[in-house]
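For reference, the structure is listed below as structure tokens.
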Amino acid sequence: MNPIELNKRQEDILQIVKENGPITGEHIAERLGLTRATLRPDLAILTMAGFLDARPRVGYFYSGKKTSVKMTDSINKLKVNEFHSLPVVVPETMTVYDAICFMFAEDVGTLFVVDKNEYLTGVLSRKDLLRTSIGTQDLNKIPVHIIMTRMPNISYCERKDSLIVAANKLIERAVDSLPVVEPHAEGLKIVGRLTKTTITRAFLSLAQNV
Ligand code: ADP
């Protein structure tokens, strides 16, 4: 990773922390004649880049850690459990027409399909539904299990998985979302939804979580 180029204010902050750390964000801001809110993005960058360490109720102190090590540490600690959203699930018997309406109503891009025992059997994406709508079939007569991508071809993740592993599955399979599942002897119970938005939210949290 290339060394990060710091701006003048970030250099000033580093100097203050080197000389006075541990020091709170408020005190750094006071010394610079700025508000804590103004400094927040700079402190986030310095912490993320590994120049500073932050301890709750103690403050910032200078860290000798290498940027790449600190970044990798932070990213590897992110777990699916902390970020996934609620799953949106439909029965295999639902018609394609109703699934389209449901997808609009729920404002999601992927529906997960379950059997009567609530185990995962399939995935329906926007294009799966669109493809079927292009034809001349009666959408009220086609159940979603006819058109869905089905098990065992579904890529999924578990709550305990690292977000990096899940992100890699999204990219490798070129899909928008993964069901978050809990394996049972009889099948997979769906407990969440992990999407590209989830990864974006996690990415943002890395910069804000200071
Ligand atoms: P879209 O097709 O609307 O852009 P995706 O890229 O997510 O959405 O889906 C592409 C294809 O992959 C669809 O046929 C869909 O059923 C299937 N698919 C979506 N998610 C998964 C998944 N987690 N595992 C396996 N196949 C999936």
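The values are calculated or read from the model by the stated rules, or taken from the named source; none is laboratory data. Note that this is a predicted model, so its numbers are computed, not measured. FYI the Cβ positions are ideal-geometry reconstructions off the backbone, even for glycines, and counts take in every protein chain you see. What goes into the accessible areas is simple: the full protein's heavy atoms, side chains included, and nothing from ligands, DNA or RNA. Shrake-Rupley method; radii C 1.70, N 1.55, O 1.52, S 1.80 Å.
Is it the case, given these coordinates, that LEU206 is surrounded by 14 or more Cβ atoms within 10 Å (Cβ to Cβ) and outside the structural domain of LEU129 (by TED's automatic domain parsing)? For LEU206, the condition - surrounded by 14 or more Cβ atoms within 10 Å (Cβ to Cβ) and outside the structural domain of LEU129 (by TED's automatic domain parsing) - is met. Among the residues of region 112-130, is there at least one that is assigned to a loop (DSSP other than H, G, I, E, B) and modelled with pLDDT under 95? Checked against the condition, which is being assigned to a loop (DSSP other than H, G, I, E, B) and modelled with pLDDT under 95, region 112-130 yields no hits at all.
Residues in region 89-102: is at least one open to solvent by less than 70 Å² (accessible area, probe 1.4 Å), part of a loop (DSSP other than H, G, I, E, B) and more than 10 Å from the ligand (Cβ to nearest atom)? Yes, some residue in region 89-102 is open to solvent by less than 70 Å² (accessible area, probe 1.4 Å), part of a loop (DSSP other than H, G, I, E, B) and more than 10 Å from the ligand (Cβ to nearest atom). Considering LYS196, LYS189, the condition of being within 16 Å of THR110 (Cα to Cα) and either modelled with pLDDT of 95 or more or outside the structural domain of GLU92 (by TED's automatic domain parsing) (or both) is satisfied by LYS196 alone. Looking across region 145-167, just one residue is assigned to a strand (DSSP E or B) and open to solvent by less than 20 Å² (accessible area, probe 1.4 Å), and that is CYS157.
The set of residues from region 57-88 being open to solvent by less than 50 Å² (accessible area, probe 1.4 Å) and at pLDDT 90 or above comprises GLY59, TYR60, PHE61, LEU78, VAL80, PHE83, HIS84, SER85, PRO87, VAL88.
Filtering region 189-209 to residues that are of a type outside the set (A, V, I, L, M, F, W, C) and touching a Pro at 6+ places or on another chain (Cβ under 6 Å) leaves GLY192, ARG193.
For ASN117, work out the one condition from (1) in contact with a helix residue (DSSP H, G or I) (Cβ under 9 Å, 6 or more places away or on another chain); (2) more than 16 Å from the ligand (Cβ to nearest atom) it doesn't fulfil. With (1) in contact with a helix residue (DSSP H, G or I) (Cβ under 9 Å, 6 or more places away or on another chain); (2) more than 16 Å from the ligand (Cβ to nearest atom) applied to ASN117, the lone miss is (1). Is it the case, given these coordinates, that LEU170 is without any contact (Cβ under 8 Å) to a residue 40 or more places away in the chain, within 10 Å of the ligand (Cβ to nearest atom), part of a helix (DSSP H, G or I) and over 19 Å from the mean Cα position of the chain (by Cα)? No, not satisfied. Consider THR47 carefully, then state whether it is of a type in the set (Val, Ile, Thr) and under 30 Å from LEU188 (Cβ atoms). For THR47, the condition - of a type in the set (Val, Ile, Thr) and under 30 Å from LEU188 (Cβ atoms) - is not met.
Can you spot a residue in region 135-142 that is outside any loop (DSSP other than H, G, I, E, B) and more than 9 Å from the ligand (Cβ to nearest atom)?
no
Among the residues making up region 120-134, those that are open to solvent by 20 Å² or more (accessible area, probe 1.4 Å) and within 10 Å of the ligand (Cβ to nearest atom) are VAL123, SER125, ARG126, LYS127, LEU130, ARG131. Looking only at residues that are near the ligand (Cβ under 9 Å from one of its atoms) and in contact with a helix residue (DSSP H, G or I) (Cβ under 8 Å, 6 or more places away or on another chain) in region 176-193, which one is most open to solvent (accessible area, probe 1.4 Å)? Among those that are near the ligand (Cβ under 9 Å from one of its atoms) and in contact with a helix residue (DSSP H, G or I) (Cβ under 8 Å, 6 or more places away or on another chain), it is ASP176.
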